[in-house]
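Notes to accompany the following structure.
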Amino acid sequence: MKVLVVGGGGREHAIVRALARSPQAPELLCAPGNPGIAAEARLLPIPVSDIDALVAAARDEGIGLVVVGPEAPLVAGLVDALDAAGIPAFGPSAAAARMEASKAYAKEVMQAAGVPTGGWSSVATVAEGMAAITSYPTVLKYDGLAAGKGVVIAPDEATARATLEDFLVEHRFGAGRVVVEEHLDGEELSLLALCDGERAIPLAPAQDYKRIFDGDRGPNTGGMGSYSPVVGIDTAKAFEIAALVHQPIVDELARRGTPFHGVLYAGLMLTADGPKVIEYNARFGDPETQAVLPRLQSDLLELMLRATGVGGTDLEGAELVWTDAWAVTLVLAGAGYPERSAAGDVISGLDDAGLAALHVTHAGTATREDGAIVTAGGRVLNVTALGAGPAAARDAAYAGADRIRFDGRQLRRDIAQRAVDRHED
Ligand code: AMP
Ligand code: GLY
């Protein structure tokens with residue numbers, strides 16, 4: 001079978017690799033991909049925003065399954081367009097992807113489904129926003145896609161007002177409302193579930209590091225590192241949380257006539273009152289996927305076909321098998337990230353023999369005319385290592401990451417430290 005992965009980041013690189021391990025030996029294509037993915041899949045130079053060209057290419061190539069990585073094409077209706085063309089696609093429809101596209105819609109569905117989440121209100125003006133804040137810190141979320149950068153934790157009134165002005169008057173991310181949300185305390189957990197429109201089966205739990213600097217300081221990013229599994233979240237606990245936060249959403253969306261197929265990602269805060277949802281995404285997480293999928297021993301292609309309903313199948317009775325090994329993923333980001341994106345810095349060390357046993361995925365790289373691999377901005381590379389415990393995986397990941405150099409490289413030094421501190425090796 002021919003499988004087309006849509007996207008060009010580290011997440012898509014990890015998806016391509018996991019699909020390549022399928023016993024069904026699929027022929028892999030990726031649009032637009034990146035220089036790292038080019039070694040493992042045939043690239044089609046089509047941007048993820050060009051829905052017509054993606055559908056035409058999938059038809060011309062005789063693709064048996066399209067796997068959509070990023071949120072933007074999901075929200076823009078790529079899966080709907082492929083569906084209309086009779087091409088199976090793993091991922092939610094635009095209507096179901098609204099769970100990610102609109103924070104206010106997600107809150108409304110959570111409320112209808114009885115999913116635990118923080119108190120909130122949706123506001124359109126600075127005055128409404130200030131009036132909705134009951135205590136500090138408070139959380140302000142732009143009600144639309146913002147690449148993980150539309151959330152501000154405001155410690156005081158001045159920051160809250162400035163943020164509301166930035167979002168609602170300056171329109172930093174475009175027109176749109178703001179969700180004012182109760183600040184939740186606790187540890188974060190990323191729990192993703194495979195969904196077939198009726199069922200939600202949790203993947204292995206992961207933790208993501210959202211802030212740019214060590215010690216969770218500095219602005220939010222798309223994610224600077226991740227690890228899997230998570231101390232205290234065994235399989236039974238993951239299923240318990242999925243029954244609380246994934247299954248009711250799948251049920252509610254089915255009831256609304258917009259069934260959810262694909263990956264429903266719950267970003268959770270493990271509070272003293274139990275898990276509460278801080279966000280849903282309608283796709284695999286980045287960089288969680290880079291830590292989660294290398295641990296999956298089941299056939300990802302078969303699971304995706306079943307989630308999509310190809311041949312009338314579904315996920316009933318599906319069992320996911322994971323290695324006991326731990327995985328730690330480090331993100332190497334370019335100079336200035338997340339505020340600005342440096343590009344064109346030459347990357348050295350990628351062919352170092354010491355990286356052979358690791359999973360290096362490309363996120364923001366480009367090939368220069370002379371063949372050199374250079375940075376293309378944002379998050380540049382991911383290094384994932386597996387190990388018997390979190391310390392072994394962490395040490396191997398850092399040893400690998402330190403073999404890769406480029407100007408302005410940013411790398412957090414405390415990824416997975418929490419797991420190392422708590423795990424009893
Ligand atoms: P989101 O994009 O909604 O996941 O928000 C990005 C990050 O902001 C989260 O990973 C949390 O670190 C933080 N955050 C979001 N909502 C809350 C909340 N209600 N309380 C505390 N922190 C939050
Ligand atoms: N790592 C967070 C996300 O994928 O949204």
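Near Gly274: Cβ cut-off under 15 Å, other residues only, Lys/Arg at +1 and Asp/Glu at -1. The net charge is -4. Maximal additional length on extending the Ala147-Arg42 stretch stands at 35.1 nm, based on 0.36 nm per residue less the C-alpha distance. You can think of it this way: the chain between Glu187 and Tyr136 has 16.5 nm of extra reach, that is 0.36 nm per residue less the Cα-Cα gap. For the range 59-170, the average shadow cast by the Cα convex hull is 8.9 nm², which is a quarter of the hull's surface. Summarising the overall dimensions of the range 1-48 from its C-alpha atoms, the Rg and Dmax are 9.5, 29 angstrom. Determine the shape class of the range 115-170: with a ≥ b ≥ c the square roots of the Cα gyration tensor eigenvalues, call it rounded for a/c under 1.5, and otherwise prolate if a/b is greater than b/c, oblate otherwise. Judged from the Cα gyration tensor, the range 115-170 comes out rounded (a/c under 1.5). Using a cut-off of 14 Å between beta-carbons, work out the net charge of the residues near Ala335 (Lys and Arg +1, Asp and Glu -1, Ala335 not included). Every neighbour counted, the sum reads +1. Working from label points 7 Å from Cα in the Cα-to-Cβ sense, the Ala236 to Asp251 distance is 2.3 nm.
Checking every one of the GluC sites (Glu not before Pro) in the range 295-389 against DSSP loop status and a limit of 14 other Cβ atoms within 10 Å picks out Glu316, Glu319, Glu339, Glu369. Ordered by the count of other Cβ atoms within 10 Å of each Cβ, fewest first, Thr329, Thr313 give Thr313, Thr329. Placing a label point 7 Å from the Cα of Thr323 along the Cα-to-Cβ direction, the residues of the range 273-302 whose backbone N falls under 11 Å of that point are 293-297.
Relative contact order of the range 335-425, taken over Cα pairs closer than 8 Å and 6 or more residues apart, is 32 percent. Comparing Cα centroids, the range 128-200 and the range 202-281 end up 16 angstrom apart.
Near the amide H of Val66, within less than 5 Å, lie the amide hydrogens of Leu4, Ala89, Phe90, all on another chain or at least 5 residues away, with H placed in the peptide plane. Take the Cα of Thr271, step 7 Å toward its Cβ, do the same at Arg172, and the gap between the two points is 2.4 nm. Placing a pseudo-label 7 Å from each Cα along the Cα-to-Cβ vector at Arg161 and Asp395 gives an inter-label distance of 5.3 nm.
Sorted fewest first by neighbouring Cβ atoms within 10 angstrom, Asp156, Asp352 come out as Asp156, Asp352. Across the range 300-377, Cα pairs under 8 Å and at least six residues apart give a relative contact order of 25 percent.
Non-local lysine pairs in the chain, meaning eight or more places apart or on different chains, with alpha-carbon distances under 22 Å, amount to 15.
With the cut-off at 1.5 for a/c, could you classify the range 306-425 from its C-alpha gyration tensor as rounded, prolate or oblate? Oblate. Coordinate range of the alpha-carbon atoms in the range 320-380 per principal axis, descending: 41, 29, 19 Å.
As a length-normalised measure over Cα pairs under 8 Å and 6 or more apart, the relative contact order of the chain settles at 16 percent. Relative to the compact-globule estimate of 2.2 N^0.38 Å, the Cα radius of gyration of the chain comes out at 0.94. Could you tell me which of rounded, prolate or oblate describes the range 164-280, using a ≥ b ≥ c as the square roots of the eigenvalues of the alpha-carbon gyration tensor, with rounded for a/c under 1.5 and, failing that, prolate when a/b is larger than b/c and oblate otherwise? Cα axes put the range 164-280 in the oblate bin. Each residue of the range 72-78 was assigned a 3J(HN,Hα) from its phi angle through the Karplus curve 6.51 cos²θ - 1.76 cosθ + 1.60 (θ = phi - 60°); the sequence is 4, x, 5, 5, 7, x, 4 Hz, with glycine and proline shown as x.
Every number here is computed from the coordinates shown, using simple stated rules; none is lab data. Nothing here was measured: the structure is a model prediction, and the numbers come from that model. Counting neighbours? That spans all protein chains shown, and the Cβs are built from the backbone with ideal geometry, glycine included.
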